[in-house]
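Written below as structure tokens is the structure these notes are about.
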């Protein structure tokens, strides 16, 4: 077999044009060289043969790859979260069973696969005058924006964050989660469980604190959602937990991820004002909108997270007007769309039933999910590779 082919021979063998051949070369799929300084380039016959074999197998592999990043085939291995048979499991433990009594910190130890050492009472983030001034300046911002604004200040002060061995990453993860709890609650940083910090900051009783605890546990992780994937991409670069958490927070800002919960709160307000739930929902659908807070592609029979949290509210807050409105909305939305409530619906309902501050439902999601982000950071940083997929070029070809 010839070791090299001319451009015309290579293009003919592959059934492509010369510009496409040159594009393959630019993408590293075919090696080329100019022997003895000649201006005429030759192309590796072995690479052409390998591409012929790929083309013979059809586009199945490329089709799988192109769809994998949108609720498609698995793209990374993970031992953290399993979604199967309409249930959610953290390291093989049913999340709903955990949410019945576990704290977020206990779930963090499960996801991080660690003991109590990182959660030592004195493992708190550093602070100085700059952090305190920044804290005072962001008091009126929404919770997510407060976290995005303050976390970089804390990261600069926290030299220990660059201890990137497993124990150091977990200890940094605890500091980040404790800092986020304090920011969201408007409380001093402490080693208390997150749900108690929130309950104190938001002036809630023990019954409400229990709902917060369950919501945090149910929000802890959800496989490779947008924010978790962003965290893993950044963690793979070798940065600290502060850096990867900022990536997760940025992804959470999007209206198709964390932003769904505030949209559901807004819809509840519209429904309350209109008084005609069915007409208002129908009007939204007739306007081409998709109802927020209902349906989830991974749970064809209904989101188990929402089911658990709404049942908890039914048990402890029966007769609450905001809960009654939410339950009627769920019933009508399912009758119209055949979709059941999801976690965003449940968190928006919790915000209204408990009378949380504005964006309190999203704050619960943020804080619970932060523990999962640390777990993804730990898992990803244990592998030496960058997450660096290739792109299939679809733009104009270079001139010959």
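The values are calculated or read from the model by the stated rules, or taken from the named source; none is laboratory data. Source: prediction; values computed, not measured. In this analysis, Cβ positions are derived from the backbone assuming ideal geometry, glycine residues included, and neighbour counts consider all displayed protein chains.
Whether any residue in segment 52-66 is at pLDDT 80 or above and within 22 Å of residue 396 (Cβ to Cβ) is what I want to check. No.
So in segment 296-318, with the set limited to residues that are closer than 18 Å to residue 221 by Cα, assigned to a loop (DSSP other than H, G, I, E, B) and free of Cβ contacts under 8 Å to residues at least 60 places away in the same chain, which one is farthest from the chain's Cα centre (by Cα)? Here the residue is 303. Taking the numbered list (1) in contact (Cβ under 8 Å) with a residue 24 or more places away in the chain; (2) within 21 Å of residue 98 (Cβ to Cβ) in turn, residue 192 passes all entries but (1). In the set 155, 95, 108, only one residue is at pLDDT 95 or above, assigned by TED's automatic domain parsing to the domain that holds residue 189 and within 20 Å of the chain's Cα centre (by Cα); that residue is 108. Those helices (runs of 4 or more DSSP H) of segment 113-230 in which 2 or more residues are under 17 Å from residue 247 (Cα atoms) occupy 143-157, 166-185. State yes or no: is residue 292 closer than 21 Å to residue 148 by Cβ and either within 15 Å of the chain's Cα centre (by Cα) or modelled with pLDDT under 95 (or both)? In short, no. For segment 4-37, the set of residues classified as modelled with pLDDT of 80 or more and over 24 Å from residue 392 (Cβ atoms) consists of 4, 6, 8, 9, 33, listed by residue number. Answer yes if at least one residue in segment 231-251 is without any contact (Cβ under 8 Å) to a residue 40 or more places away in the chain, assigned to a loop (DSSP other than H, G, I, E, B) and either over 24 Å from residue 353 (Cβ atoms) or in contact with a strand residue (DSSP E or B) (Cβ under 7 Å, 6 or more places away or on another chain) (or both), and no otherwise. Within segment 231-251 (the criterion being without any contact (Cβ under 8 Å) to a residue 40 or more places away in the chain, assigned to a loop (DSSP other than H, G, I, E, B) and either over 24 Å from residue 353 (Cβ atoms) or in contact with a strand residue (DSSP E or B) (Cβ under 7 Å, 6 or more places away or on another chain) (or both)), the answer is yes, since at least one residue qualifies. On inspection, residue 322 does not qualify as closer than 15 Å to residue 217 by Cβ and touching a helix residue (DSSP H, G or I) at 6+ places or on another chain (Cβ under 6 Å).
Within segment 114-128, is even one residue in contact with a strand residue (DSSP E or B) (Cβ under 9 Å, 6 or more places away or on another chain) and either modelled with pLDDT of 95 or more or buried (at least 21 other Cβ atoms within 10 Å of the Cβ) (or both)? Break it down stepwise before answering.
Initial filter on segment 114-128 (in contact with a strand residue (DSSP E or B) (Cβ under 9 Å, 6 or more places away or on another chain)): none.
Scanning segment 114-128 turns up no residue that is in contact with a strand residue (DSSP E or B) (Cβ under 9 Å, 6 or more places away or on another chain) and either modelled with pLDDT of 95 or more or buried (at least 21 other Cβ atoms within 10 Å of the Cβ) (or both).
So that you can scan it fast, the table gives a plain yes or no per residue for (1) out of contact with any helix residue (DSSP H, G or I) (no Cβ under 9 Å at 6 or more places or on another chain); (2) closer than 10 Å to residue 342 by Cβ:
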residue	(1), (2)
280	no, no
287	yes, no
291	no, no
298	yes, yes
303	no, yes
312	no, no
317	no, no
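So, residue 224, is that one modelled with pLDDT under 95 and under 20 Å from the mean Cα position of the chain (by Cα) or not? Against the criterion (modelled with pLDDT under 95 and under 20 Å from the mean Cα position of the chain (by Cα)), residue 224 qualifies.
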